[in-house]
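The values are calculated or read from the model by the stated rules, or taken from the named source; none is laboratory data. Just so we're clear, the structure is a prediction, and the values are computed from it rather than from any experiment. Neighbour counts are summed over all protein chains in view; Cβ atoms, including those assigned to glycine, are modelled from backbone coordinates with ideal geometry.
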Amino acid sequence: MMTQTLLTQEQLAHLQQQADEFSKTFANAQYEMGEAQKFINALCMVYGVNWLHSVDFERRVKKANRRGINRIDGFLPGLLLIEMKSAGEDLDKAFEQALHYVQLLEKESDKPRHILVSDFQNLHLYELNDRFTTELPDKTVKFALADFRANVEALAFMGGYERIIAERNEALTIAAAEKLAALHDAFLSEGYSGKDLQTMLVRLLFCLFADDTELFDETNVFENFIKNSPADGADLGYRLQDLFEWLNTNDTERKQTAKPLWEEHHGFRKSLPYINGKLFAEKTQRFIFNAQMRSALIDCCELDWGEISPDIFGTLFQNIMESADNQKDKKSGKKSQHRRDFGAHYTSERNIRRAIEPLFLNDLKAEFEQVQNDAKKLTAFITKLQTLQILDPACGCGNFLIVAYREMRLLEMQALKALDLQSGQQMSSYCDVHQFHGFEIDSAACEIATVAMWLTDH
C-alpha cells in the first residue's frame, strides 16, 4: 500500500504506463465467467495492490429475505466493490445490483466508498456519499477501456492515495480562507469594519456557495454578475445592493414589481430565488468598491465552492479575527488577546468527528446495526433520530453542529432505506436543523453559524 501524500508527476507517469499495458491486455476480453478475476487482479496490480491479500473474490452476501446468498465478484472491504458483466450488458443495472449488495453488507465498516462496474470494455466508477455508501452516487466517472490512461487517477485510491483527496480538499479550504481574508483586508483598508463588514462578508460567502452548489438556477450566475461589472469597481456596490434586495424579496412582492431596475440592468432575476432566513433583510452600509476590492472578490469567485468543506465558515471567522488582530497590532505594537479572550478556535472536520463519534454517533451506529433487520425496531430507531436534540454550549461558528447534523441525516437516510428493504414501508425524512442548538457570546459568530446550518440544510 502506498503512503505518499502527494501524487508526483513521476508516479502519475508510472500509473499511466501501467494503464496502457492493462488496456492492451484486456482489449479483447468479453466474458464474465472466464476473465473477471484476471481483470480484477490486473487492475489491482496497476496500483501496486497485492490482490492475493487485499481482494475478497466471490464474497457471500445474504439476500434480504435471508434465504439465499449473492456473490460479489471482487471486494476490497471498506474501499471498493467490483461487479463484472460480460461485454454489452447493461451497466446501469449492474450498478443497481452492486448498490443492493452494499446495502446487504452486515458490517458497517465493510461498506465501500466506491463501486466499479465493468463489461471489460467500459468502466463506470461511482463514488458514494462520504461515509454513507447506501446513498445515491455523489460522483461518477465513466470511460472506455481505451481511455483508461486518461482516467487512471480516478482509481488512485486503490493504491493508497485516499489521503491525497482529503489533503487536496483541505488545501482548497485553506486557499478559500486565504482569499476571503484578502477580500476582508481589502475592505478594511478602505475603512470598512465592524458589523457592516461582517455582514457583507457573510452575504458574499453565501452567494459564492450558492453559485457552485445549485442554489441559484444558473451556473456561475453570481461570478458572471461580478465579472460583468466595470473594472474600476465603481458601480459594484450599487449592483450588490440591488442583488441583496432582490434576494430578500419574496415571490409575491416580486410579481407586484413592474419592470424593476434589476431586470433592466442585470437581466437574470429569474435565476435568483428568494432567500428566507433574514440573511439579506438587514439594511447595511453601501460599500463603495474600487479595482482592488473587485479583483479580490473575483479571485474568490474563481474557486469551486462546491468542493469546500462545510466548516469553511469557521475558517472564515478565524481569519477575520486574525486579520483584525493584525491591524490592531500595527497600531499598538502589542499582541491582541481577542481570540484568547473569546476562546475562538478553528476545529477541523477530522477533529470534530473524533469528538462526536464517542459522544453519540458510534452508539447510534451500533444501535442501527442491531435493529436494521427488524422493521418494527427500525421504525422506533428512526423516530428516535428525529426527536434527538443536540446542543453545543459554545458553538462558535457552528462547525460541531454542521458536522453533527450532516452525520445524523446520513444515518437517518441509511435507516430509511433499510426499512424500505425490510418491509416496503416508507417514512419521510424529518431530521432537520431545528434539532441542533448552540449558545455563543459573539454575535458575528452566531450569524455565521446560522447561515452555515441553513446552507447545510439545502
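Return yes when Y31 is modelled with pLDDT of 85 or more and hydroxyl-bearing (S, T, Y) and no when it is not.
no
Quick test for you: out of K335, K330, K384, pick the one residue that is exposed (fewer than 15 other Cβ atoms within 10 Å of the Cβ), modelled with pLDDT of 90 or more, over 24 Å from the mean Cα position of the chain (by Cα) and not hydroxyl-bearing (S, T, Y).
Details: K335 fails: modelled with pLDDT of 90 or more; K330 fails: modelled with pLDDT of 90 or more.
Being exposed (fewer than 15 other Cβ atoms within 10 Å of the Cβ), modelled with pLDDT of 90 or more, over 24 Å from the mean Cα position of the chain (by Cα) and not hydroxyl-bearing (S, T, Y) holds for just one of K335, K330, K384, which is K384.
Within the range 234-251, the set of residues being within 13 Å of R286 (Cβ to Cβ) and not in a helix (DSSP H, G or I) comprises A234, D235.
Within the range 382-401, the set of residues being farther than 13 Å from M453 by Cα and among the small types (G, A, S) comprises A394 only.
Here G233 does not qualify as modelled with pLDDT under 90 and not assigned by TED's automatic domain parsing to the domain that holds C446.
Going through A445, A394 one at a time, which residue ends up being in contact (Cβ under 8 Å) with a residue 24 or more places away in the chain, surrounded by fewer than 17 Cβ atoms within 10 Å (Cβ to Cβ) and not assigned by TED's automatic domain parsing to the domain that holds Q198?
On the way: A445 fails: surrounded by fewer than 17 Cβ atoms within 10 Å (Cβ to Cβ).
Result of the check over A445, A394: A394.
In the range 118-132, the qualifying residues are those that are among the hydrophobic types (A, V, I, L, M, F, W, C) and within 24 Å of M413 (Cα to Cα), and the one that is modelled with the highest pLDDT is L125. Scanning the range 21-34 for residues that are buried (at least 17 other Cβ atoms within 10 Å of the Cβ) and within 15 Å of K85 (Cβ to Cβ) yields F26, A29, E32.
Residue by residue, here is whether (1) modelled with pLDDT of 85 or more; (2) in contact with a strand residue (DSSP E or B) (Cβ under 8 Å, 6 or more places away or on another chain); (3) not assigned by TED's automatic domain parsing to the domain that holds E127 holds:
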residue: M2; (1), (2), (3): no, no, yes
residue: Q37; (1), (2), (3): yes, yes, no
residue: A64; (1), (2), (3): no, no, no
residue: P77; (1), (2), (3): yes, yes, no
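Within the range 369-381, the set of residues being out of contact with any helix residue (DSSP H, G or I) (no Cβ under 6 Å at 6 or more places or on another chain) and surrounded by 16 or more Cβ atoms within 10 Å (Cβ to Cβ) comprises just one member, T379.
A quick yes/no check of all residues on (1) buried (at least 18 other Cβ atoms within 10 Å of the Cβ); (2) within 22 Å of E21 (Cα to Cα); (3) not charged (D, E, K, R):
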| residue | (1), (2), (3) |
| --- | --- |
| H53 | no, no, yes |
| K62 | no, no, no |
| G68 | no, no, yes |
| M84 | yes, yes, yes |
| D92 | no, no, no |
| K107 | no, no, no |
| D110 | yes, no, no |
| H114 | yes, no, yes |
